[in-house]
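The structure appears right after this line, and notes come after that.
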Amino acid sequence: LLILDAHGSRDDEHALQQLFGNSIDVLMLPAHSSTILQPCDLGVFNVFKHVFTTNLSLEGQDDAATKRVRILTVAMLALEDSMSRLNQKRGFSMAGI
């Protein structure tokens, strides 16, 4: 199952035929419903954003290399926290799926 938003670019007949030909079902979400329906937005992405912004503090005097390392370190922590099975299940539950 491939879940897509309803953006006009998703109407590519060739791409849809390839998906169907490979036994991939496509579900188009209604327009303007992604914040309500998309499990990743409600579970994983929401947790990632929270953990990332809560743990990231960039010091003005740090050089660019230090800031990059700090951003990547915090992003890896946030990714690990957000991708848990619990957060994935929570996203689907919150979306009513």
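The values are calculated or read from the model by the stated rules, or taken from the named source; none is laboratory data. Note that the structure is predicted; figures quoted are calculated from it, not measured. We place every Cβ from the backbone using ideal geometry, glycine too, and count neighbours over all the protein chains shown. Ligands, DNA and RNA are excluded from the accessible area calculation, which covers all protein heavy atoms including side chains. Shrake-Rupley method; radii C 1.70, N 1.55, O 1.52, S 1.80 Å.
Summary table below
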quantity: For the chain, accessible area per residue (1.4 Å probe, heavy atoms of protein chains only), Å²; calculated: 73 Å²
quantity: Nearest-20 debye value, the chain charge dipole, Cβ charges on Lys, Arg, Asp, Glu; calculated: 360 debye
quantity: The chain: DSSP helices with Cα axial extent of at least 18 Å and average Kyte-Doolittle hydropathy no lower than -1.0; calculated: 64-82
quantity: The chain - percent of accessible surface contributed by carbon and sulfur, probe 1.4 Å; calculated: 59 percent
quantity: Efficiency of FRET from Cβ geometry, Asp63 and Ile97, R₀ 35 Å, rounded to 0.05; calculated: 0.20
quantity: Label assignment, Kirkwood radius over Cα pairs in Å derived from the structure, set [x] 13.0; [y] 15.8; [z] 14.2; calculated: [y]
quantity: Most mobile of Asn87, Asn55, Asn46 in a GNM of the chain (Cα contacts under 10 Å); calculated: Asn55
quantity: Equivalent-ellipsoid semi-axes of the stretch 42-97, from the Cα gyration tensor, Å, largest first; calculated: 29, 9, 6
quantity: Where labels lie 7 Å past Cα in the beta-carbon direction, separation of Thr54 and Met76 in nm; calculated: 2.1 nm
quantity: Where only alpha carbons of the stretch 1-48 are counted, the Rg and the Dmax (Å); calculated: 12.4, 35
quantity: Order of exposure, largest accessible area first, which applies to Lys89, Lys67 with probe 1.4 Å; calculated: Lys89, Lys67
quantity: In nm, spacing of pseudo-spin labels at His14 and Arg85 (7 Å Cα→C-beta vector); calculated: 4.1 nm
quantity: Cβ crowding within 10 Å averaged over residues, with 57-65, 37-45 ranked highest first; calculated: 37-45, 57-65
